[in-house]
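A short worksheet on the structure shown next.
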């Protein structure tokens, strides 16, 4: 069976990898996947990088549908992901119970790690939150951007500073053992993102792509998605 090539947002990495393992075990089909920030992955699709399955935010999948990069009628939603706060495993959790307390915790932090807002959904959420809290200037020198949430969480896990805070998509926190999930951003600062999968318009293995997406979005996969941090509107 031909290999299924996947270009995906990091928010779907943990579940996509589990589905790929399941597919390999049950059918023998191999997958090759690349994960990263949604903006960077969209750029790779537009540049013509070979792909069968594309998993990005619903908004970007819609853009790729309009531009002819995703096959018409192939979009399937995985669920919704929020943005949350993390610390290195074993570090004391900051108080993020409301906007005022989060503001104080951020101002007390030595460094704030997050994905690059130029290419990543969570990075944009972080910058909007800092603006709403009125502390962009105070935090600017303590911000450290990364290509994606996984890279930010990896650095947070291995960092040596006691007062570091990470903010990224919930799914990218829960998938990393070296960090501790503290909780979601307060509701007034929160922005939740729907993630969707689609078949690439120029897929070399469209049958395999549809099979992969069917497994990823099947009712049986909901437990995997929920464990990874996805939410569903019932």
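Structure notes:
- Among 132-141, 221-230, 35-44, the peptide with the highest mean count of other Cβ atoms within 10 Å heads the list, and the full ranking is 35-44, 221-230, 132-141.
- By the count of other C-beta atoms within 10 Å, a proxy for reagent exposure, 181, 195 are ordered fewest to most as 181, 195.
- Using C-alpha pairs below 8 Å separated by at least 6 residues, the relative contact order for the chain is 32 percent.
- The overall shape of segment 65-138, judged from the alpha-carbon gyration tensor, is prolate: a/c is not under 1.5, and a/b is greater than b/c.
- Evaluated over segment 39-102, the Cα radius of gyration and Dmax, each in Å: 17.8, 48
- Rounded tilt (10° steps) of 149-158 against the dominant C-alpha axis of the chain: 50
- Normalised by the number of residues in segment 80-219, the mean separation of alpha-carbon contacts (under 8 Å, six or more apart) gives a relative contact order of 37 percent.
- Gain upon complete extension [residue 223, residue 17; 0.36 nm per residue less C-alpha separation]: 72.7 nm
- The modelled label-to-label distance between residue 128 and residue 140, using points 7 Å beyond Cα along the C-beta direction, is 2.2 nm.
- Beta bridge orientation in segment 83-184: antiparallel %, DSSP, nearest 5: 55
- The simple spin-label model puts a point 7 Å past each Cα toward its Cβ; for residue 204 and residue 34 those points are separated by 1.4 nm.
- Percent RCO, i.e. relative contact order, over segment 1-85, from Cα pairs under 8 Å lying at least 6 residues apart: 34
- FRET efficiency, 1/(1 + (r/R0)^6) with R0 25 Å, evaluated for residue 161 and residue 44 via beta carbons: 0.15
- Tensor-based shape of segment 119-234 (alpha-carbon gyration tensor, a/c under 1.5 rounded, otherwise prolate or oblate): prolate
- Segment 83-184 - Debye-derived log10 I(q)/I(0), Cα point model, q = 0.10 Å⁻¹: -0.21
- Helix axis angle, 121-133 relative to the chain longest principal axis, alpha carbon, degrees: 30
- Alpha-carbon centroids, segment 67-96 and segment 165-234: separation in whole Å: 6
- Angle in degrees between helix 99-108 and the longest Cα principal axis of the chain, rounded to the nearest 10: 80
- Here each label is just a point 7 Å from Cα along the line to Cβ, and for residue 67 and residue 108 those points are 4.4 nm apart.
Every number here is computed from the coordinates shown, using simple stated rules; none is lab data. It should be emphasised that the depicted structure is a prediction, and the values quoted were computed from it without experimental measurement. As a convention, Cβ positions derive from the backbone with ideal geometry for all residues, glycine included, and neighbour counts pool all protein chains shown.
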